[in-house]
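Structure first, then comments.
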Amino acid sequence: MDRHIQRLLNRISLAFAVAGTLALFHVFFSTSVSCSYSGHNLHHHDTLTQTIAHSPFPRSSCDAASRPTLPPDRRFSRIQSSRSWRRGVAALSSLFLRLRTAHLLSNSSRILCVSSGAGHEVAALRESGVMDVTGVDLIDFPPLVSRADPHNLPFFDNVFDLGFSRGLSGALFPARFVGELERTVRNGGAVALVVERCGSEEEVASVKGLFRKSSLVEVSNITLSDSQMTLIVMRVNEMPP
Ligand SMILES: *[C@@H]1O[C@H](CO)[C@@H](O)[C@H](O)[C@H]1NC(C)=O
Ligand SMILES: *[C@@H]1O[C@H](CO)[C@@H](O)[C@H](O)[C@H]1NC(C)=O
């Protein structure tokens, strides 16, 4: 009789242990899901990250939050060795080659990349031989991207030859976002934006309308890592009198 009860108790405690473990797993997994795009999404998530879940541009706050103990250089070298990183950088490299052919950038250009996430564009430009590339985003991502608000860039006027961003559609204040690019790029320089595919003239015009002192150079439909996007290039002019 006694032994029978003992065995029953053992079973009950085993059942509790299993239930406890399952509960822990549940907590763990629901936490890792819920952190995915909270808040961060508001600021700079461009269409690339929103439209393709498994994008080669890792940008969710999970990337930063899930490995708090990994030092930045280790974190970066891990990302850099991934296939998706290479794919993302390669896609941008061919985009920049196109801008190079159009004489919008050269090895000696000073380039500002706004809302650049982990810095794919910075890596692509540096690899192609451009020395002076600055990458910024709301959240810093060493070593390629430092922290700066795209709506309030910490740079003087007219200092860059080219401003580049894939982050317009994630901007809280698009006019302000574009205004800061226009301010920091010199007269005669260019601003190149990659936005969600524009299906109509009106959509292109709405982006163009955010600029106050630039004129349209090029609108092209492009495919960037399987996403249908539109490249809009504007030439920054002297402020009209
Ligand atoms: C730009 O720099 C890269 C790397 O140094 C070099 O291979 C390339 O030839 C340069 N391009 C031009 C147009 O000078
Ligand atoms: C881009 O593609 C859309 C359809 O997806 C088309 O309506 C538009 O005219 C194209 N724009 C250019 C510049 O080719």
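The values are calculated or read from the model by the stated rules, or taken from the named source; none is laboratory data. It should be emphasised that the depicted structure is a prediction, and the values quoted were computed from it without experimental measurement. Neighbour counts run over all protein chains shown; Cβ positions are idealised from the backbone, glycine included. Surface areas here come from the heavy atoms of the whole protein model, side chains and all, with no ligands, DNA or RNA. Shrake-Rupley method; radii C 1.70, N 1.55, O 1.52, S 1.80 Å.
If one computes the Cα centroid of region 132-184 and of region 200-241, what distance in Å separates the two points?
Each part reduced to its Cα centre gives a spacing of 16 Å.
Given R₀ = 30 Å, FRET efficiency for Asp157-Ser200 by Cβ-Cβ distance, to 0.05?
On the way: r = 33 Å, r/R0 = 1.11.
After rounding to 0.05, the efficiency reads 0.35.
Between Ser146 and Leu172, what length comes free when the chain is fully extended (0.36 nm per residue of separation minus the Cα-Cα distance, one decimal in nm)? Don't jump to the answer; show the numbers that get you there.
Working: separation 26, 0.36 × 26 = 9.36 nm, distance 1.94 nm.
Taking 0.36 nm per residue and subtracting the Cα distance, the gain is 7.4 nm.
Heavy atoms only, probe 1.4 angstrom, no DNA, RNA or ligands counted: give me Met131, Met229 ranked by accessible area, highest first.
Details: Met131 155, Met229 5 Å².
The ranking, largest first, comes out as Met131, Met229.
How much net charge surrounds Val159 when only the other residues with a Cβ under 14 Å from the Cβ of Val159 are counted, with Lys and Arg +1 and Asp and Glu -1? Can you show the working numbers first?
On the way: positive: Arg110, Arg183, Arg186; negative: Asp132, Asp157, Asp161, Glu180, Glu182.
Charge balance near Val159 sits at -2.
Could you tell me the calculated FRET efficiency between Ser81 and Glu238, based on Cβ-Cβ distance and R0 = 35 angstrom, to the nearest 0.05? Walk me through the intermediate numbers first.
Details: r = 46 Å, r/R0 = 1.30.
Once the sixth-power term is evaluated, E becomes 0.15.
Note down the net charge around His103, summing +1 for each Lys or Arg and -1 for each Asp or Glu among other residues with Cβ under 12 Å from its Cβ. Numbers along the way, then the final one.
Details: positive: Arg98, Arg100, Arg235; negative: Asp161, Glu218.
Its environment carries a net charge of +1.
So, in nm, how far is label Asn221 from label Arg74 when the simple model puts each one 7 Å beyond its Cα toward the Cβ?
Placing both labels 7 Å along Cα→Cβ, they lie 4.7 nm apart.
Just add up the charged neighbours of Asn237: K/R +1, D/E -1, any other residue whose Cβ is under 12 Å from the Cβ of Asn237. Walk me through the numbers on the way to the answer.
Numbers: positive: Arg186, Arg212, Lys213, Arg235; negative: Glu182, Glu238.
Counting the neighbours of Asn237, the net charge comes to +2.
With a 1.4 Å probe and all protein chains in place, put His103, His151 in order of accessible area, largest first.
Numbers: His103 160, His151 30 Å².
Ranked list, largest accessible area first: His103, His151.
Taking a ≥ b ≥ c as the square roots of the eigenvalues of the Cα gyration tensor of region 105-241, is the shape rounded (a/c under 1.5), prolate (a/b larger than b/c) or oblate? Could you put the intermediate results ahead of the total?
Numbers: a/c = 1.40, a/b = 1.15, b/c = 1.21.
Rounded, since a/c falls under 1.5.
GluC sites (Glu not before Pro) within region 160-241: which are DSSP loop residues with at most 15 other Cβ atoms inside 10 Å? Display every interim value, and only then the final one.
Working: sites: Glu180, Glu182, Glu196, Glu201, Glu202, Glu203, Glu218, Glu238; in loops: Glu238.
In loop regions of region 160-241 (DSSP not H, G, I, E or B), the sparsely surrounded GluC sites (Glu not before Pro) are Glu238.
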